[in-house]
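Below: the structure, in structure tokens.
Throughout, read-outs are computed from the coordinates displayed, never taken from laboratory work. Since the structure is predicted, the reported quantities are computational estimates derived from the model, not experimental observations. In this analysis, Cβ positions are derived from the backbone assuming ideal geometry, glycine residues included, and neighbour counts consider all displayed protein chains.
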Amino acid sequence: MSGGEALRVAVVQTAPRLGERAANLADMAARARAAAADLTVFPELATCGYAFGARDAVADLAERPGGSPGLDALQALAEELRGALVAGLPLAEGGRLYNAAALLRPGAEPVFYRKLHLFYREPELFDAGDAPPRVHEFRGLRLGLMICFDWIFPELARHLALAGADLIAQPANLVLTLCQDAMVTRAVENRVWTLTANRVGEERFPDGETLRFTGGSQVVDPCGRRVLALPVGEPAAGTADVDPAAARDKMVTARNHVLDDRRPALYRSLVAEDR
Ligand code: ACM
């Protein structure tokens with residue numbers, strides 16, 4: 001299998017302001033322009049913030065596949081930078097409201113991943129995604145998307161690796177401190193690149209519950225090495241060079257292939273609906 005060329009990737013760690021889409025988009029654009037990468041990944045719900053008290057409040061800021069303020073601005077940014085962007089945003093579609101990640105590529109229609117595993121209070125705001133995650137292509141790189149809490153379900157990263165992903169981009173609004181280390185494992189057990197773009201700052205729900213987001217955005221290579229780690233407490237951005245070919249070598253030792261050596265017939269319970 002031939003590898004694509006190495007790409008410069010960026011993870012951008014922001015502190016979105018709740019409900020302030022225009023300001024958040026301006027900040028995202030400035031940081032992406034400064035990073036000047038082939039692929040830039042932003043946090044979960046980066047356009048609007050997180051701690052909404054009601055579904056209607058998020059719906060007012062939801063993007064629409066046919067075009068809407070945030071999506072149009074991000075598509076224009078992808079065209080300007082001649083690069084791909086992955087950004088977390090609310091998505092209204094077919095009467096449903098999703099916590100989604102959009103992939104924007106110059107000259108292409110946006111595509112979306114709708115978060116499968118909703119975290120904590122998110123089911124009060126969003127519908128869970130119901131489409132199998134897909135792998136997309138950009139300049140020879142095959143990328144899959146997941147969002148934040150999806151990290152704790154290793155089936156999703158494995159599904160993307162089996163579908164041919166070289167890289168998994170993960171917009172995040174992490175409040176648990178375990179994900180960054182778990183994503184090292186997701187990288188190793190699938191031999192893929194993982195990019196986590198997390199946010200920082202605090203947000204308070206209308207009932208007073210406060211969440212503090214953990215930063216520490218990172219890029220991990222297919223051998224589990226952190227090649228980029230951002231600080232935990234402040235907005236930041238960083239870049240790394242990603243070689244898709246490194247993810248296409250699935251040999252863990254000279255005699256062990258991380259996908260071919262699986263024994264799926266012996267753990268079919270993993271895909272059973274009941275346990
Ligand atoms: C999360 O899924 N926002 C933790």
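Summary table
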read-out	value
Max mean-square fluctuation residue, GNM over the chain, Cα-Cα springs under 10 Å, options Pro171, Pro206, Pro264	Pro264
DSSP-defined beta bridges in the chain - what % are antiparallel, rounded to 5	70
Volume in Å³ per residue [convex hull over Cα atoms, computed for the stretch 30-106]	81
All Cα pairs of the stretch 69-123, percent lying beyond 14 Å	54
Tail weight of P(r) past 33 Å, computed on alpha-carbon pairs of the chain, percent	16
Among Pro90, Pro154, Pro43: highest mean-square fluctuation, GNM of the chain, C-alpha pairs under 10 Å	Pro154
Per residue, the convex hull volume that the Cα atoms of the stretch 112-184 enclose (Å³)	92
Counting all C-alpha pairs of the stretch 1-133, share separated by more than 24 Å (%)	27
Full-stretch length increase - Phe153, Ala131 - with 0.36 nm per residue and alpha-carbon distance subtracted	6.3 nm
Ala22/Val271 FRET efficiency (R0 41 Å; Cβ-Cβ; nearest 0.05)	0.40
Per DSSP, loop trypsin sites (Lys or Arg not before Pro) in the stretch 63-124 with at most 14 further Cβ within 10 Å	Arg82
Zone of Cys223's modelled label, taken as backbone nitrogen in the stretch 168-208 under 19 Å from a point 7 Å along Cα→Cβ	168, 183-195
Check: the chain dipole with +1 on Lys, Arg Cβ and -1 on Asp, Glu Cβ, in debye	680
GNM top mover of Asp207, Asp56, Asp130 - the chain, alpha-carbon springs below 10 Å	Asp207
Percentage relative contact order, the chain, counting C-alpha pairs under 8 Å, at least six apart	21
Loop-resident sites, the stretch 162-270, for chymotrypsin sites (Phe, Trp or Tyr not before Pro), counting at most 15 other Cβ within 10 Å (DSSP)	Tyr267
